[in-house]
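**Q** Take this structure, written in structure tokens, and hold onto it; I'll ask about it next.
Read-outs: derived from the displayed coordinates by stated rules, not from any lab. Since we're looking at a predicted model, the values are computed, not measured. When we count neighbours, we look across all protein chains shown, and the Cβ atoms used for this are built from the backbone with ideal geometry, even at glycine.
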Amino acid sequence: MSDFVLPPPAVPYLSVQGGGRFPVRRIYCVGRNYAEHAIEMGSDPTREPPFYFAKPADAVVIDGADMPYPAATKSLHHEMELVVAIGTGGTNIAQADALKHVWGWCCGLDMTRRDLQNEAKKTGRPWDMGKGFDHSAPMGLLVRAGGSFDGSKGKIELKVNGKVTQTSDLSKLIWSVPEVIANLSGLVRLEPGDLIMTGTPEGVAAVVKGDLLEGMVEGVGEVRTRIV
Ligand code: MN
């Protein structure tokens, strides 16, 4: 019999292609990982060490479900990203071993209250309320690692209402997936169930209620959500 004084919350999860559920432990996100996006955000695109922010695990929106337009913003932006799902934990993981820690891959959207994020940047405050809000991480089906896809190349694209707004290639990641896993595992112990959102290419823009977002990564699959 449980001695929890409240019912423990449900475990957030991703649906796995072919069946099963992947339990989500934490969601880490890489900032400014494509040069053209750094430039459009008014930042220096040179190769500074990667930096991270996080979203709550229960920010995931799965299986094509709708995303409610969030409170407190007039500028909800899409950021289409490749997501890495960690299956084996570790600290100070070597780059050469990094992909052995990957359970799978999926397509995700790092939805951003850009006005709150910009205000936080201006005042030197945390990004949490710009990035880590409810329903801020729509995700597609998780695809098991082990095929030919290794995150090093492949088209990444987002369409809003059928029109392409973001298009790039994973080869343009400033910090590759093995480099991110190696670096992040030097800051925190990565654990099974952790997700890493690897950053977005250029073309981020505001969306409104009714918009349909359809993203894809070549070799992984798709993510789809409607803003309601
Ligand atoms: Mn992002």
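**Q** Return the inverse of the average 1/r over all pairs of distinct C-alpha atoms in region 42-161, which is the Kirkwood hydrodynamic radius, in Å to one decimal.
**A** 16.3
**Q** Amide H neighbours of Tyr52 under 5 Å, at least 5 residues apart or on other chains, H built in the peptide plane: list them.
**A** HN-HN under 5 Å from Tyr52: Gly31.
**Q** How much net charge surrounds His101 when only other residues with a Cβ under 12 Å from its Cβ are counted (Lys, Arg +1; Asp, Glu -1)?
**A** Its environment carries a net charge of -1.
**Q** I would also like to ask the following. With the Cα gyration tensor of region 18-57 in hand, give its eigenvalues times 5 under a square root as the equivalent ellipsoid semi-axes, listed largest first in whole angstrom.
**A** 29, 12, 9
**Q** Which entries of Lys74/Lys122; Lys55/Lys121; Lys74/Lys131; Lys131/Lys159 show an alpha-carbon separation above 19 angstrom in the structure shown? Could the numbers behind the result be given before it?
**A** Details: Lys74/Lys122 17 Å; Lys55/Lys121 17 Å; Lys74/Lys131 14 Å; Lys131/Lys159 21 Å.
Table pairs above 19 Å Cα-Cα are Lys131/Lys159.
**Q** Just order 205-214, 50-59 by mean Cβ neighbour count inside 10 Å, highest at the front, would you?
**A** Working: 205-214: 15.4, 50-59: 17.5.
Packing order, densest peptide first, comes out as 50-59, 205-214.
**Q** Let me ask another. In whole angstrom, note down how far apart the Cα centers of region 5-46 and region 203-228 are.
**A** Each part's Cα centre sits 15 Å from the other's.
**Q** When ranked by the protection proxy of mean other Cβ atoms within 10 Å per residue, highest first, what sequence do the peptides 23-33, 125-135, 100-110, 63-73 form?
**A** Top to bottom by mean Cβ count within 10 Å: 100-110, 23-33, 125-135, 63-73.
**Q** Moving to a separate point now. Which ³J(HN,Hα) values, rounded to whole Hz and listed in residue order, are derived for region 61-72 from phi using the Karplus coefficients 6.51, -1.76 and 1.60 in 6.51 cos²θ - 1.76 cosθ + 1.60 with θ = phi - 60°, glycine and proline given as x?
**A** Residue by residue, region 61-72 yields 10, 10, 6, x, 5, 5, 10, x, 4, x, 6, 6 Hz.
**Q** Using only alpha-carbon positions, what ratio does the radius of gyration of the chain give when scaled by 2.2 N^0.38 Å?
**A** 0.97
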